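The values are calculated or read from the model by the stated rules, or taken from the named source; none is laboratory data. Treat the numbers as computed from the prediction; the structure is a model and nothing was measured. Quick reminder, even Gly has a Cβ in these numbers, built from the backbone with ideal geometry, and neighbours come from all protein chains shown.
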Amino acid sequence: MNVPPIISTKPINLLLVDDHPLVRDGLKARLETIPHFHIAGEAGNAEDAFSLAASLKIDLILMDINLGNVNGITLTSRFSREYPDIAIIMLSMHEKAEYVSQAMQAGARGYVLKGAPAEEIITAIENVMSGKNYFSSGLQNQATAANPLQLLTQREQCILKSIATGKSNKHIARELGLSVRTVETHRLNIKRKLNIEGQADLIRFALNQTIL
């Protein structure tokens with residue numbers, strides 16, 4: 001379920017990644033009408049996208065799935081490893097649950113269909129930048145129904161397994177060679193992706209998924 005976001009007035013630096021200039025032009029024209037949205041850069045391929053991410057302060061990427069010779073989901077996975085602080089929303093014409101699941105496993109925070117109105121893309125950006133996930137209508141239910149664990153990255157699944165055994169953040173961090181803060185962030189991401197509120201519900205979910 002998509003929750004109305006708390007609208008922020010803090011400037012949001014956006015990177016548009018799509019191999020069609022006309023698509024980028026259309027997105028840019030609409031998004032620039034929002035006072036606190038700033039189009040910091042545009043890229044039509046993976047190399048340019050990473051170059052811009054390295055040289056600019058990017059808060060969020062709008063990422064196409066089909067990027068010529070590079071899959072946008074694969075590119076999202078690389079961004080998640082190298083620039084974990086940058087949020088990513090996939091823009092795609094694909095409605096199948098498997099694409100949504102793959103995108104979320106790669107680290108995307110949202111998935112919006114290309115045919116969606118510009119207002120929905122704006123809502124998606126606001127939701128993601130306020131700490132939520134965002135899916136075009138019905139897509140999260142499709143992916144979750146197919147296999148909710150598919151919404152999680154491998155690292156998140158590993159941490160969820162440890163949570164189910166009752167291990168503390170400190171214990172998990174020591175086992176995985178991570179900082180406690182990183183483990184805490186993963187916990188929040190897991191709950192956000194699965195629409196789980198409390199710790200007890202999180203442990204119950206893990207046990208029900210028989211991932212021990």
Exercise. What about Pro84, is it closer than 22 Å to Lys191 by Cα and either modelled with pLDDT of 90 or more or not in a helix (DSSP H, G or I) (or both)?
Worked result: yes
For this session: Kindly establish whether Lys161 is at pLDDT 80 or above, among the charged types (D, E, K, R) and in a helix (DSSP H, G or I).
Result: yes
Exercise. Any chance the range 66-75 includes a residue that's within 24 Å of Phe37 (Cβ to Cβ), touching a Leu at 6+ places or on another chain (Cβ under 9 Å) and part of a loop (DSSP other than H, G, I, E, B)?
Worked result: no
Exercise. Do we have Leu56 as modelled with pLDDT under 95, assigned by TED's automatic domain parsing to the domain that holds Val112 and surrounded by fewer than 14 Cβ atoms within 10 Å (Cβ to Cβ) here?
Worked result: yes
For this session: Output the residues belonging to the range 80-116 that are within 18 Å of Val23 (Cβ to Cβ), among the β-branched types (Val, Ile, Thr) and out of contact with any Lys or Arg (no Cβ under 8 Å at 6 or more places or on another chain).
Result: Val112
For this session: Among the candidates Lys28, Lys10, single out the residue that is among the charged types (D, E, K, R) and assigned to a loop (DSSP other than H, G, I, E, B).
Result: Lys10
Problem set entry | Arg81 in contact (Cβ under 8 Å) with a residue 60 or more places away in the chain, surrounded by fewer than 19 Cβ atoms within 10 Å (Cβ to Cβ) and out of contact with any Pro (no Cβ under 7 Å at 6 or more places or on another chain) | no
Exercise. In the range 164-212, what residues are assigned to a loop (DSSP other than H, G, I, E, B), under 21 Å from Ala87 (Cβ atoms) and of a type in the set (Ser, Thr, Tyr)?
Worked result: Ser179
Seminar exercise, completed: Pairing a residue in the range 59-74 that is outside the structural domain of Glu98 (by TED's automatic domain parsing) and farther than 14 Å from Ala124 by Cβ with any residue that is in a helix (DSSP H, G or I) and among the small types (Gly, Ala, Ser), where Cβ atoms lie under 8 Å and the two sit 6 or more apart in sequence or on different chains, gives none
